[in-house]
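No lab work stands behind these numbers, since they all come straight from the coordinates. Quick caveat, the model's predicted, so the values are computed rather than measured. Every residue, glycine among them, receives a Cβ derived from its backbone with ideal geometry; neighbour counts consider all protein chains shown.
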Amino acid sequence: MARDESREAEGNVAVVVAHGIGNQLPMDTVRALVDNVFGKKSGLSTSAPVYNRMDREARFLDLRRLMLVKTRKRPRVDFYELYWQPTFGTGSAGAVLGWALRLLRRTPEGSQMRRVVHTVRIAIGLLLLLVCVLAIVAWVLVPNRGWELAAATVPFLLWALGVARLLVSSVLANVVSDASRWFAPGPGDIEGRDKVRLQGVELLRGLHRVDANNRPRYERIIVVGHSLGAVITYDAIRLAFDELRDPKPQGVEDPPLVGPPDQRQPCAWNFLTGSPTLLSSPNGQADDIARVDVRATAERYHEVQEALDEEQRGLGVPWRVTDFITLGSPLTHALDLLGGKDVTLECRMSENELPSCPPRGEQQHREEVWKREGRPTQLAAGADGKGRVAFYRGNNESGPLRAHEASPFATTRWTNLYIPVTPWLGGRPCRWSGGGSIR
């Protein structure tokens, strides 16, 4: 099922862009995106005119809203930037080095991280070997003046080390520390991380507000995250979805829902059996995804998502985030960055702390209780009604099915773009659409 083009042409579209690590400045990332996709660097025969407007959703006055006006083939598109850098602040070089050493010392779980760690270990070993070889060569070539040569070079080496230390310390504290503080936070980093997440939720919440005619301001919301911004927007989506997943309450004048749930909400009722189960790895290993026809499976899942999105909107569900696009996302290494010795990534996903694409759902204990009481149970997850479901019934049996809090990617398409540029680390330019980065 293709999306309704006539509906999309009428409704405005919002694009939220989140930058990555480093001393980022306001508007740099969103301007670069618009320029590369629609502007001078896009390769289009005629670049689209971009208008600059006030961003009334912004927390910082330097942020603006870039706008593409409506045409016969395209709706109006508003670009917003989730500028989180000053909210999170900076860290210390020591904390970054400690985090890096911990990653190098342990055995990585993911295959990509394993290649990275092994490559870094080899590089460090070769560097140490080179230093030893140079020292031996110098000692052999100048056997009687080795100490004099060493004494002469010590001041230069100390100066060079001092300069290198300042440069490395600046890079580690102002750039890499964003990643270390997010993935391996200390107690002092928790508040800053929560402020960034709340900033993202606040922006999505504002874009979901209705206008003066009680209609959604945007027909679609597209979220784009680069580097660490992909993780931040992932968190913003999972947290905002919990507030925006409920159907509209049935009013007195609204026609009552007629028939059993499998007839009035077939897409939600049959979601687990209607979606391609091969997208979920049979044994939890990410590498198994290569065993299926990814493109065909993703296209099939997109059809399921679009049909479900139409059904949810018909029930008054306010959620409008249709697409989540990640670029160079560290979630590729989620097994090692979001999992640990005590709580693994698989555990966090199985408990629905971290939503996956497609969603895993949850066993609804209410169904077991109702079955013992002789009441009708939800059988969409299997003949015995004991499977995990992504949409469940509330206390009102005749009411609409409600999406589970960890199922934003039941309707939101997740496309992950990544380009591993070093062959020895394993990879070539790739695009994965449908399954995102967390599986």
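So the values come out like this:
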| item | result |
| --- | --- |
| Exposure proxy order (Cβ contacts within 10 Å, fewest to most) of CYS132, CYS357, CYS347, CYS267 | CYS132, CYS347, CYS267, CYS357 |
| Cα centroid separation, region 88-107 to region 215-244 (Å) | 28 Å |
| FRET efficiency for ASN36 and ILE136, using Cβ-Cβ distance with R0 set to 51 Å, rounded to 0.05 | 0.50 |
| Contour minus Cα-Cα distance for ASN23 and ASN174 (0.36 nm per residue) | 53.7 nm |
| Partner lysines for LYS40 [C-alpha distance under 23 Å; skip if fewer than 8 residues away on the same chain] | LYS70, LYS73 |
| GLU346-ASP242 FRET efficiency (beta carbon distance; Förster radius 25 Å; 0.05 resolution) | 0.70 |
| Residues ARG76, ARG209, sorted so that the one with the fewest Cβ neighbours within 10 Å comes first | ARG209, ARG76 |
| Sorted by Cβ density within 10 Å, fewest first, the residues ARG245, ARG372 | ARG372, ARG245 |
| Estimated Rh, region 24-107: Kirkwood, alpha-carbon pairs, angstrom | 15.7 Å |
| Sites LEU126 and HIS365, calculated FRET efficiency, Cβ-Cβ separation with R0 60 Å, nearest 0.05 | 0.60 |
